[in-house]
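Every number here is computed from the coordinates shown, using simple stated rules; none is lab data. Because the structure is predicted, anything quoted here is derived from the model rather than measured. Backbone-built Cβ (ideal geometry, glycine too); neighbour counts: all protein chains shown.
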Amino acid sequence: MDAAKVRISKEEMALVSDPDWILTKNSIMGKVVELLAELSEKMTPELSDLRKVMRVRSAGYELPVNWDTPRISKGENYQGLPYVMLDYPRLFSKEHILAIRTMFWWGHYFSVTLHLKGWMQEMFLSVINDHARELTDAGFHIAISEDEWRHELDGDNYRVLQAGDLEDIAQYPFLKLSAKCGLDKWNESPEVLLGLIRTLIRAMLG
């Protein structure tokens with residue numbers, strides 16, 4: 001074993017010797033889960049019309065049993081950092097996706113993302129296109145990378161939604177629209193996130 005590889009710096013020694021910072025981190029993660037759980041409760045009545053639309057438009061397509069129930073998941077390593085996700089609704093299959101994902105990413109931001117693929121993209125794209133200006137005004141970005149499971153709203157992954165983007169997206173295998181809420185707006189984040197979700201739902205309903 002190379003002893004140099006397992007040595008730690010003074011800064012690392014201070015952290016490993018102090019349990020308080022990790023306990024604080026665990027407390028914050030617990031508060032995020034609670035925040036997203038409360039958000040899912042507020043979303044439930046907002047999604048009632050979307051459920052009706054899905055029942056009408058999905059004739060001939062068997063919807064998964066739990067597609068319209070919330071799911072919260074968390075992890076420690078999205079690009080090395082902890083995260084929490086709320087998926088609601090959450091229809092995921094290899095060929096078809098309909099999901100609104102609200103994500104907390106440690107050290108970065110909250111984000112709200114609409115993810116459509118396959119038949120769901122075909123179903124909603126035209127009506128969403130009619131609300132492109134509203135989405136742009138709300139701060140939504142459009143995914144431009146080929147990897148549909150990247151979540152960061154910068155670099156080569158997303159760019160600001162512009163006129164004509166949704167008309168051109170039909171040729172792509174998926175559509176992702178995402179907007180963020182900075183961590184400096186933590187106390188207002190429930191209202192900000194719900195507002196972004198409402199904007200997406202209005203766009204989907206036409």
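If exposed means no more than 16 neighbouring beta carbons inside 10 Å and the site is in a DSSP loop, what's the longest run of the chain without any exposed trypsin sites (Lys or Arg not before Pro)?
The answer is 8-93.
What is the total of Lys pairs in the chain with C-alpha atoms under 18 Å apart, excluding same-chain pairs fewer than 8 positions apart?
Taking the Cα cut-off of 18 Å, the pair count is 8.
Any chance you could give the angle, 0 to 90 degrees and rounded to 10, that helix 119-129 forms with the longest Cα principal axis of the chain?
80
If I compute Cα Rg over 2.2 N^0.38 Å from the structure I just sent, which labelled value in [x] 1.15; [y] 1.01; [z] 1.08 lines up?
After the calculation, the listed value that fits is [x].
If exposed chymotrypsin sites (Phe, Trp or Tyr not before Pro) are those in a DSSP loop with at most 15 other Cβ within 10 Å, what is the longest stretch of the chain that has none?
In short, 62-148.
Hey, what angle do you get for helix 48-57 against the long axis of the chain, alpha-carbon based, 0 to 90 degrees rounded to 10?
Tilt relative to the chain: about 50 degrees.
Per the Kirkwood formula on distinct C-alpha pairs, the Rh of region 84-206 is how many angstrom?
Taking the inverse mean of 1/r over all distinct Cα pairs, region 84-206 comes out at 14.4 Å.
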